[in-house]
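The values are calculated or read from the model by the stated rules, or taken from the named source; none is laboratory data. Only a predicted model underlies this, so the values are computations on that prediction, with no experimental measurement involved. Cβ coordinates were reconstructed from backbone atoms using ideal geometry, including for glycine residues, and neighbour counts include every protein chain displayed.
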Amino acid sequence: MARMSKYTPRGHRLSVRRSSAGKGLFAEEDIPKGVCVIEYTGRILRGKDAEDRGGRYLFEVDARTTIDGNVPSNPARYINHSCRPNCEAVVRGGRVFIFSRTRIKAGTELGYDYGKEYFDEFIKPKGCRCETHRGKA
């Protein structure tokens, strides 16, 4: 039997549903802490192509490479920002993997911290809608 890499998504059942921030990605089964849940995939953009394209689904891998995750085959694009995340994004070998930071119960929305730059540009002006801030003015 082939040994599974730490960076191989474990095939957990996930679904896209309505969330406080629009659409979100939810666990349909319990997910243990510390496992690779899903890979963030999409079109690879180099250099200035990412700036020219713009958009909210761009994930900067390094100074020269960005993944445009706005493709139907990428359900990870529905993982919303969270100020108290249950997941984290890990960049390895030019790819982006989403790992569980905590045990995630079935029915729970997945979330990771998008980082200060994205937060300040896209989230802060409209107000954060993650679980931590929902209902706060």
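Figures for the structure shown
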quantity: Filtered residues of segment 57-76 (kept if within 21 Å of residue 37 (Cα to Cα) and among the charged types (D, E, K, R)); calculated: 60, 68
quantity: Residue identified as of a type in the set (A, V, I, L, M, F, W, C), surrounded by fewer than 17 Cβ atoms within 10 Å (Cβ to Cβ), under 20 Å from residue 60 (Cβ atoms) and at pLDDT 90 or above among 96, 91; calculated: 91
quantity: Listing of strands (runs of 3 or more DSSP E) fully contained in segment 1-105 that carry 1 or more residues being over 18 Å from residue 119 (Cα atoms), of a type in the set (Asp, Glu) and under 12 Å from the mean Cα position of the chain (by Cα); calculated: 36-40
quantity: Contacts under 6 angstrom Cβ, first residue in segment 49-60 being surrounded by 14 or more Cβ atoms within 10 Å (Cβ to Cβ), partner at pLDDT below 80 and among the aliphatic types (A, V, I, L, M), 6 or more apart; calculated: 58/50
quantity: Residue count for segment 90-115, restricted to those that are over 22 Å from residue 18 (Cα atoms) and small (Gly, Ala, Ser); calculated: 3
